[in-house]
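Chemist: Here it is, the structure, as structure tokens.
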Amino acid sequence: MHPFTLERPRDLDGALALRAQSGRNDIAAEYIAGGTDMVQLLQENVRRPDRLVSIGPLMDKRIDVSSEGLRIGAGATMADAAAHPGVAGQFPVVAQALLESASPQVRNQATIGGNLLQRTRCPYFRDIGYSACNKRNPGSGCSAIRGANRWHAVLGGSDDCIAVHPSDLAVALVALDAVVHIQGSRGERSVALREFHRLPGSTPHIEAELRPAEVIAAITVPAHPAARRSHYLKVRDRASFEFAVVSAAVALEMQDDGRIRQARVAVGGVGTKPWRLANVETALAGSSLQRDALRKAAALAAQGAHGRGDNDFKIELMQRAIVRAAEAAGART
Ligand SMILES: Cc1cc2nc3c(=O)[nH]c(=O)nc-3n(C[C@H](O)[C@H](O)[C@H](O)COP(=O)(O)OP(=O)(O)OC[C@H]3O[C@@H](n4cnc5c(N)ncnc54)[C@H](O)[C@@H]3O)c2cc1C
Ligand code: SF4
């Protein structure tokens, strides 16, 4: 492991100032919150900062549910957010995505801000024995495109990177139109979560719309009738402590006649960023909950999907996950 200095600033302004000193060079200094991802990356020599700036104790940990919606401070743990009665009752897709992530030990330590900024689980990114990884080492190539790519993306990939965004929470939040509130040394700003994560394009090492001297301060989710009738379905290789092979977050607003008035659909495990499916949502509007009708709408998820060999199966699996998540969401009262 590369030796580093752990900085424990007294307040957030101090943390932002420390990070600002290193400018765009995130090798010199990086933030650490719960540390559940960062420590692994340090141990594996994937990240080699000279300085770690501890922000976990400084971040807002409050969780509020009101008539306007949900607000979660970036320092809240995944466990606390999942256990909040307002989250579980009014935003079940968010609570489910959290409870199906990692393990109780990790969820007790990991923060909401860190979850959205965790790095990909692409095995070539995590193993420095592979020299070709554009995300870890820009310009070096991509080992996955012609390598073992069962875990990789079928949506949003480029010739330079096909790594999947690993967060379950982000998929649920994207479905619900969440907003990321950012605090920086120059003030505050807000970005729709849908726009927050970047497509890899030719710069896969730049993953989010966040400047160095900025932190995620909180996320908000606007109140919406569909939020309560929502479901997160995660398909994985083992029942716990495992990332998604494919996942689907579906939220439905129903009409009195039992048909869908409005749907929100996002998928995980398949995209280089949390992936919203507007074409599936449009097809679901006015549809019944009959499996054939759901299946017809879910088939549109395949538009633009591009398998690389080992991961071709995800294109069919994602459609089935959407159907099952929609059935489960529709069955909620
Ligand atoms: C064994 C294991 C299994 C897991 N399984 C899953 C899973 O199934 N699903 C899933 O979604 N996740 C899973 N995870 C990932 C886990 O959810 C993340 O490691 C965790 O959420 C990161 O939060 P943290 O506070 O520990 O972040 P850290 O490790 O401290 O930081 C992660 C990154 O975020 C940055 N950062 C942290 N907070 C902020 C902030 N407020 N503003 C700006 N930058 C910030 C850090 O600089 C760093 O780059 C798993 C992790 C482990 C170890
Ligand atoms: S998919 Fe992305 S993260 Fe994985 S090896 Fe290729 S460039 Fe690196």
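Chemist: Within region 119-167, count every residue that is without any contact (Cβ under 8 Å) to a residue 60 or more places away in the chain, closer than 22 Å to SER101 by Cα and open to solvent by 40 Å² or more (accessible area, probe 1.4 Å).
Modeler: Selection size over region 119-167: 1.
Chemist: For region 165-177, does any single residue satisfy the condition of being within 19 Å of the chain's Cα centre (by Cα), in a loop (DSSP other than H, G, I, E, B), modelled with pLDDT of 95 or more and away from ligand 1 (no atom under 15 Å from the Cβ)?
Modeler: For region 165-177, residues within 19 Å of the chain's Cα centre (by Cα), in a loop (DSSP other than H, G, I, E, B), modelled with pLDDT of 95 or more and away from ligand 1 (no atom under 15 Å from the Cβ): present.
Chemist: Please list, ordered by first then second residue, the pairs with beta carbon atoms under 6 Å, 6 or more apart or interchain, first in region 171-196 and more than 17 Å from ASN115 (Cβ to Cβ), second among the small types (Gly, Ala, Ser) and in a strand (DSSP E or B).
Modeler: Sorted first by the residue in region 171-196, then by its partner, the pairs are GLN183/ALA217.
Chemist: Also: Sort through ASP237, ASP312, ASP257, ASP292 and tell me the only one that's within 23 Å of ARG107 (Cβ to Cβ) and open to solvent by 50 Å² or more (accessible area, probe 1.4 Å).
Modeler: ASP237
Chemist: Go through (1) in contact with a Leu (Cβ under 9 Å, 6 or more places away or on another chain); (2) within 16 Å of ligand 2 (Cβ to nearest atom); (3) open to solvent by 20 Å² or more (accessible area, probe 1.4 Å) and name the single condition THR272 misses.
Modeler: Here THR272 clears every test but (3).
Chemist: To continue, here is another question. So how many residues does region 271-288 have that are under 20 Å from LYS234 (Cα atoms), touching a helix residue (DSSP H, G or I) at 6+ places or on another chain (Cβ under 9 Å) and outside any helix (DSSP H, G or I)?
Modeler: The total comes to 6.
Chemist: Kindly provide the set of residues from region 89-118 that are within 16 Å of ligand 2 (Cβ to nearest atom) and either open to solvent by 30 Å² or more (accessible area, probe 1.4 Å) or over 17 Å from TRP151 (Cβ atoms) (or both), ordered by number.
Modeler: Across region 89-118, the qualifying residue is only LEU117.
Chemist: Being of a type in the set (Ser, Thr, Tyr), within 23 Å of PRO49 (Cα to Cα), near ligand 2 (Cβ under 9 Å from one of its atoms) and part of a loop (DSSP other than H, G, I, E, B) is the filter here, so list the residues in region 124-154 that pass it.
Modeler: Within region 124-154, TYR130, SER140 qualify.
Chemist: Out of the strands (runs of 3 or more DSSP E) lying entirely within region 1-76, which hold 1 or more residues that are within 22 Å of GLY187 (Cβ to Cβ) and out of contact with any Phe, Trp or Tyr (no Cβ under 6 Å at 6 or more places or on another chain)?
Modeler: Passing ranges, in order: 29-32, 69-73.
Chemist: Given the conditions (1) within 27 Å of GLY56 (Cα to Cα); (2) within 13 Å of ligand 1 (Cβ to nearest atom), and given that TRP151 satisfies all but one, which numbered condition is not satisfied?
Modeler: Of everything listed in (1) within 27 Å of GLY56 (Cα to Cα); (2) within 13 Å of ligand 1 (Cβ to nearest atom), TRP151 misses just condition (1).
Chemist: Output the residue which, of all residues in region 43-78 that are open to solvent by less than 50 Å² (accessible area, probe 1.4 Å) and among the charged types (D, E, K, R), is farthest from ligand 1 (Cβ to nearest atom).
Modeler: Taking the candidates together, the pick is ASP60.
Chemist: I need a count of the residues in region 143-182 that are of a type in the set (Ser, Thr, Tyr) and farther than 28 Å from LEU12 by Cα.
Modeler: 2
The values are calculated or read from the model by the stated rules, or taken from the named source; none is laboratory data. It should be emphasised that the depicted structure is a prediction, and the values quoted were computed from it without experimental measurement. Cβ atoms come from the backbone with ideal geometry, glycine included; neighbour counts cover every protein chain shown. Side chains are part of the model used for accessible areas, which takes the heavy atoms of the whole protein and leaves out ligands, DNA and RNA. Shrake-Rupley method; radii C 1.70, N 1.55, O 1.52, S 1.80 Å.
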